[in-house]
Amino acid sequence: MRLAKRNRSVKKWLQRVTPTHTRIIENRYLGIFGKLLHDPNLWHLNRRSVAGGVAVGLFVMYLPPIGHTLLAAALAILLRVNLPISLTLIWLCNPLTIPPMFYFAYRLGCWILALTPAGFDAHFWLDWHNWLAIMQPLLLGSLICSLICGALGYLLAQLLWRWLLARQIRRRRARFRTMMGERLSTPSSRRQV
């Protein structure tokens, strides 16, 4: 009973958090995809589709924030993975998380390119004259972080899905054994001889 309530509450939470089919189709920016949004594979909740949606969302999340929604939708449609999940996960990159995420990506890019990174000084980062100098390490670091986050997200979603399914099967078997054990311990009228 508790598991059924928990599953219903998780399902309600997912339905509340993820954008609906009609809301995505009516979005003025996503309207360019037209009939491609009617593919049922974009809306299914199965292991492959969810894991792919997580991977696409986390991959696009770490890219520089230019057209995240359009890029995530295009990749989800191209790869035929869950569109609402991929669109929801790109919003992990928000004004609060952008500075540490992209500073880490910049530092990683500088490390790979053997450059000396600039400190975390607001005047340096807001001066547009410095932007060309930081673009190459930032883009390289962002691409590497995107690939790692996407791959880890895919693997973790697959593992979590399998673990939850195995746990559900174990509980169902235990419930069945308990139910069958009670029936077998009390003999039927024919066995009472």
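The values are calculated or read from the model by the stated rules, or taken from the named source; none is laboratory data. Quick caveat, the model's predicted, so the values are computed rather than measured. Cβ coordinates were reconstructed from backbone atoms using ideal geometry, including for glycine residues, and neighbour counts include every protein chain displayed. The protein model used for the area step is the full one, side chains on, heavy atoms only, and it has no ligands, DNA or RNA in it. Shrake-Rupley method; radii C 1.70, N 1.55, O 1.52, S 1.80 Å.
Sorting 68-80, 156-168 by average packing, meaning the other beta carbons within 10 Å per residue, from highest down gives 68-80, 156-168. Length gained on full extension, Arg23 to His129: 34.1 nm, using 0.36 nm per residue less the C-alpha separation. Taken one residue at a time, the phi angles of segment 43-59 give Karplus couplings (6.51, -1.76, 1.60, θ = phi - 60°) of 10, 6, 10, 10, 4, 5, 5, 5, 4, x, x, 5, 4, 5, x, 6, 5 Hz. Gly and Pro are set to x.
With all protein chains in place and ligands, DNA and RNA left out, the 1.4 Å accessible area ranks Thr97, Thr178 as Thr178, Thr97, largest first. Which of rounded, prolate, oblate describes segment 85-170, given a ≥ b ≥ c as roots of the alpha-carbon gyration tensor eigenvalues and a/c under 1.5 marking rounded, otherwise prolate only if a/b is larger than b/c? Cα axes put segment 85-170 in the prolate bin. Using Cα-Cα distances under 8 Å and only pairs 6 or more residues apart, what relative contact order does segment 40-193 have, in percent? This gives 30 percent for segment 40-193.
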